[in-house]
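Note sheet for the following structure.
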Number of protein chains: 2
Amino acid sequence: MIFKAEIDIMPIEAILDPQGKAVTQSMGNLGLNEISNVRIGKHITLKVEANDETTAKEKVDTACKKLLCNLIMETYTFTLVQA
Amino acid sequence: MIFKAEIDIMPIEAILDPQGKAVTQSMGNLGLNEISNVRIGKHITLKVEANDETTAKEKVDTACKKLLCNLIMETYTFTLVQA
């Protein structure tokens, strides 16, 4: 079975997100003063082949922990749907 | 009313995503051969103040079009929930 994973990786709340801060300021310059608290992370999609959903979840979890996410500065969440 | 928007910005399918390609290869090196088709985009969260959901949606749409998303190379989707 092939599953499609959608992973969100965000900087943890306690950490300053300079890119987000810069974008928040630019919103003001564009006349969008109503927009605030911009935080920027990564969105990753991938396909994973596995016999069942539990195995697929484990594989995606391993990929996040070992490669995609820096756990010191970032957190991740993901959803899995059968492709 | 304050709304929280979750925006996903992804490279369009027709465009090569070199970062995703590199990560796909690295998955193999980590023993995760079951993972393929990695594509990497941005995940952005922000707060928007508006009188109603329609106005909030318009503001986020403007922000995406004018600042966050390069429409030539990327597509965006977003969801809005009341904070």
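Values quoted throughout were computed directly from the atomic coordinates according to the rules given, and no laboratory measurement underlies them. Since the structure is predicted, the reported quantities are computational estimates derived from the model, not experimental observations. As a convention, Cβ positions derive from the backbone with ideal geometry for all residues, glycine included, and neighbour counts pool all protein chains shown.
Points to keep in mind about this one:
- Summarising the label geometry, the points placed 7 Å from Cα in the beta-carbon direction at B:Thr62 and A:Leu71 lie 4.3 nm from one another.
- The distance from the alpha carbon centre of the range B:1-44 to that of the range A:16-83 is 9 Å, rounded to a whole number.
- Per residue, chain A reaches -8500 deg cm²/dmol at 222 nm when only DSSP H runs of four or more residues are counted, each adding -39500 (n - 2.57).
- Degrees separating the helix B:18-29 axis from the principal Cα axis of chain B, which is the longest one: 50
- Modelled spin labels at A:Ser26 and B:Ser36, positioned 7 Å past Cα toward Cβ, are 3.6 nm from each other.
- Considering only alpha-carbon pairs that sit under 8 angstrom and 6 or more positions apart, the relative contact order computed for the range A:1-51 is 61 percent.
- Counting only residues at least eight positions apart within a chain, or on another chain, the aspartates and glutamates with an alpha carbon under 16 Å from that of A:Lys57 are A:Glu6, A:Asp8, A:Glu49, B:Glu34.
- Rounded to the nearest 10 degrees, the angle from helix A:53-63 to the longest Cα principal axis of chain A is 50 degrees.
- Shielding of peptide B:36-42 by partners, expressed as the average count of other chain Cβ atoms within 10 Å per residue Cβ, is 6.
- When the C-alpha to C-alpha distance is required to be over 18 Å, the pairs from B:Lys4/B:Lys42; A:Lys4/B:Lys4; B:Lys42/B:Lys65 that qualify are A:Lys4/B:Lys4.
- Distances, shortest first, from the label point of A:Lys57 to those at the same position in the other copies read 3.3 nm; the point lies 7 Å along Cα to C-beta.
- Of all chain B residues, the one whose Cβ lies closest to the rotation axis that maps B onto A, given with that distance rounded to whole Å, is B:His43, 2.
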